[in-house]
Amino acid sequence: MNINLTMIGQTIGFLIFVAFCIKYVWPPLVGALQERQKKIADGLAASDRASHDLELAQKKAADELRKARAEAAELVDKGNKRAAQILETAKADARSEGERLITQAHALIEQERQQARDALRAEIATLAIAGAERILETSVDPKVHSEMLDKLAAEL
Amino acid sequence: MAGESTAAEFIQHHLSNLTYGRLPEGHVRPDGTVVEQVTWSIAQSSTEASEMGFMAFHLDTLFFSFAMGAVFLGVFGLAAKNVTSGVPGHLQNLVESVIDFVQDLTKNTFHGNNPMIGPIALTIFVWVFLMNSMKLIPVDYIPGLTSLMGFDYTNAVPTTDPNGTFGVAIGVFLMIIYYSCKVKGFGGFTKELSFTPFPHWTLIPFNLFLEIVGLLTKPFSLALRLFGNMYAGEVIFILIALLPFYVQFTLQVPWLIFHILVVTLQAFIFMVLSVVYLNAAHEHH
């Protein structure tokens with residue numbers, strides 16, 4: 001338990017250790033700690049910002065969706081109206097076309113009937129002449145009587 | 001404990017330091033030779049070590065304390081060299097938790113503006129802790145090893161040597177004086193010593209006496225507290241080592257577990273008090 005130069009040696013050693021620690025040990029370690037603290041703080045701020053951005057984006061997306069839906073509904077509505085219109089027009093066209101066709105067919109039928117009647121008339125005239133020839137047993141000059149026969153045919 | 005005849009000698013032997021010191025002319029050494037001129041030599045007995053007086057070194061104290069200092073700076077320096085602000089490794093984690101602990105403490109205790117206080121506190125805490133930790137090694141291991149190497153005396157715990165604790169305390173004391181003068185100026189520091197606690201010129205001598213005693217008390221309280229605790233603990237360890245080997249563990253284990261606490265606590269107290277004293281040195285009254 002003697003007090004001696006050891007004490008001074010110990011003091012010198014202590015001061016050297018402190019100096020070394022101040023110069024080489026403390027600054028890089030504390031610097032790293034502070035840097036990490038800053039990184040974490042930045043990270044937290046970034047995540048806050050990101051969640052805020054996300055919220056905004058979600059709101060915007062919902063808005064867009066609603067707008068798109070409204071637009072789609074409008075388009076469907078318009079489409080429906082247009083389809084109805086087209087259908088209406090088509091129906092009208094079809095009706096008029098049908099009527100036209102019917103009229104045409106009527107005309108055709110009338111025409112054919114007329115032709116048939118004319119043909120029949122001519123046939124009847126010929127038959128009548130032949131009949132008359134038989135009845136009279138004489139030769140009748142067709143040229144002389146054709147006028148009279150035509151008149152007869154026209155009366156049929 | 002081979003070679004010891006009595007318990008008292010065993011204890012004394014364990015607490016004697018390996019002393020290298022100056023022997024005066026005409027000194028008779030324990031082996032009978034007479035010193036013809038002033039020589040520096042390793043003391044052959046504890047009596048001779050104390051006869052060397054102030055001009056001597058405790059080689060074991062210096063060796064183990066500097067070795068612990070090297071361990072501290074080595075480990076922390078290695079961590080500082082490979083430091084990253086990204087994901088820390090195992091070593092960096094350990095070192096960072098110690099640094100965080102010291103930083104928290106200095107932030108709460110130290111109100112001055114001095115970036116040196118952190119590294120000072122860290123050095124004190126870790127170094128004193130490592131020196132104290134030497135006592136967790138069984139008392140006969142290191143002296144047994146060094147006696148094989150030819151050294152008769154070894155005290156492996158630097159803080160059970162008052163020179164060890166006073167050395168650190170004097171270092172802190174010098175810092176107190178340095179920062180007092182730096183912050184307040186030499187005049188301001190002198191004025192503070194002269195005019196507190198009684199601000200009247202007739203009481204200057206009384207004030208000076210009180211303040212200087214108060215100032216000198218600081219290193220004494222630091223050094224003696226640590227020394228007393230460590231020395232007492234070591235004596236108990238040595239006493240336990242005197243018991244028959246088959247019962248030693250019944251006392252040694254609880255005492256050792258208790259000393260895990262004491263070792264840390266004393267290092268912590270030494271650091272806190274140093275920071276408190278340095279804080280006082282930075283404050284204006």
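Can you work out which of the residues in the range B:126-146 that are part of a loop (DSSP other than H, G, I, E, B) and of a type in the set (A, V, I, L, M, F, W, C) is nearest to the other protein chains (Cβ to nearest Cβ)?
Initial filter on the range B:126-146 (part of a loop (DSSP other than H, G, I, E, B)): B:137-140.
Pick out the ones that are also of a type in the set (A, V, I, L, M, F, W, C) and you get B:137, B:139.
Numbers: B:I137: 20, B:V139: 18 Å.
The residue in question is B:V139.
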Open item on the list: Based on this model, can you work out whether B:F66 counts as at the interface with chain A (Cβ under 7 Å from one of its Cβ atoms) and either part of a loop (DSSP other than H, G, I, E, B) or in contact with a Ser or Thr (Cβ under 6 Å, 6 or more places away or on another chain) (or both)?
Closed with: no
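Per-residue answers, yes or no, for (1) assigned to a helix (DSSP H, G or I); (2) open to solvent by 70 Å² or more (accessible area, probe 1.4 Å); (3) modelled with pLDDT under 85:
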| residue | (1), (2), (3) |
| --- | --- |
| A:A72 | yes, no, no |
| A:D77 | yes, yes, no |
| A:E123 | yes, yes, no |
| A:S146 | yes, no, yes |
| A:L149 | yes, no, yes |
| A:L152 | yes, yes, yes |
Open item on the list: Here is a check on your reading of the model: is A:I12 part of a helix (DSSP H, G or I), within 30 Å of B:H13 (Cα to Cα) and more than 7 Å from every other protein chain (Cβ to nearest Cβ)?
Closed with: yes
Task: Looking only at the range B:147-186, and only at residues there that are aliphatic (A, V, I, L, M), over 27 Å from B:V262 (Cβ atoms) and in contact with a helix residue (DSSP H, G or I) (Cβ under 9 Å, 6 or more places away or on another chain), the one that is nearest to the other protein chains (Cβ to nearest Cβ) - done: B:L174
- [ ] Being within 12 Å of chain A (Cβ to nearest Cβ) and not in a helix (DSSP H, G or I) is the filter here, so list the residues in the range B:98-115 that pass it.
- [x] B:N114, B:P115
- [ ] May I ask you to list the residues in the range B:79-91 that are surrounded by 19 or more Cβ atoms within 10 Å (Cβ to Cβ) and in a helix (DSSP H, G or I)?
- [x] B:A79, B:A80
Open item on the list: Tell me the residue from B:G171, B:G188 that is small (G, A, S) and out of contact with any Leu (no Cβ under 6 Å at 6 or more places or on another chain), please.
Closed with: B:G188
- [ ] State yes or no: is A:D93 over 30 Å from B:V95 (Cβ atoms), more than 8 Å from every other protein chain (Cβ to nearest Cβ) and open to solvent by less than 80 Å² (accessible area, probe 1.4 Å)?
- [x] no
Task: Scan of the range B:116-125 for residues that are at the interface with another protein chain (Cβ under 9 Å from one of its Cβ atoms), in a helix (DSSP H, G or I) and aliphatic (A, V, I, L, M), ordered by number - done: B:I120, B:L122, B:I124
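Determine which member of the set B:M68, B:M55, B:M116 is open to solvent by 40 Å² or more (accessible area, probe 1.4 Å) and under 30 Å from B:P143 (Cβ atoms). Can you show your working first?
Values: B:M68 fails: open to solvent by 40 Å² or more (accessible area, probe 1.4 Å); B:M116 fails: under 30 Å from B:P143 (Cβ atoms).
Result: B:M55 is the single residue among B:M68, B:M55, B:M116 that is open to solvent by 40 Å² or more (accessible area, probe 1.4 Å) and under 30 Å from B:P143 (Cβ atoms).
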- [ ] Search the range B:78-99 for residues that are closer than 21 Å to B:M116 by Cα and pair each with any residue that is surrounded by 14 or more Cβ atoms within 10 Å (Cβ to Cβ) and among the hydroxyl-bearing types (S, T, Y) when their beta-carbon atoms are under 7 Å apart and the residues are at least 6 apart or on different chains.
- [x] B:A80/A:Y24
TODO: With the condition kept exactly as written, say whether any residue in the range B:19-33 is open to solvent by less than 80 Å² (accessible area, probe 1.4 Å) and at the interface with chain A (Cβ under 9 Å from one of its Cβ atoms).
DONE: yes
TODO: Inspect the range A:37-56 for any residue being open to solvent by 50 Å² or more (accessible area, probe 1.4 Å), at pLDDT below 95, in a helix (DSSP H, G or I) and within 30 Å of B:T61 (Cβ to Cβ) and give the result as yes or no.
DONE: no
Task: Residue count for the range B:239-255, restricted to those that are touching a residue at least 12 places away in the same chain (Cβ under 8 Å) and surrounded by fewer than 16 Cβ atoms within 10 Å (Cβ to Cβ) - done: 3
Task: B:F76 vs. criteria of a type in the set (F, W, Y), out of contact with any Lys or Arg (no Cβ under 7 Å at 6 or more places or on another chain), more than 11 Å from every other protein chain (Cβ to nearest Cβ) and surrounded by 14 or more Cβ atoms within 10 Å (Cβ to Cβ) - done: no
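The values are calculated or read from the model by the stated rules, or taken from the named source; none is laboratory data. The structure presented is a predicted model; accordingly, all values stated were derived computationally and were not measured. Because the Cβ atoms are built from the backbone with ideal geometry, glycine has one as well, and the counts that use them run over all protein chains shown. SASA here: full protein model, heavy atoms, side chains in, ligands and nucleic acids out. Shrake-Rupley method; radii C 1.70, N 1.55, O 1.52, S 1.80 Å.
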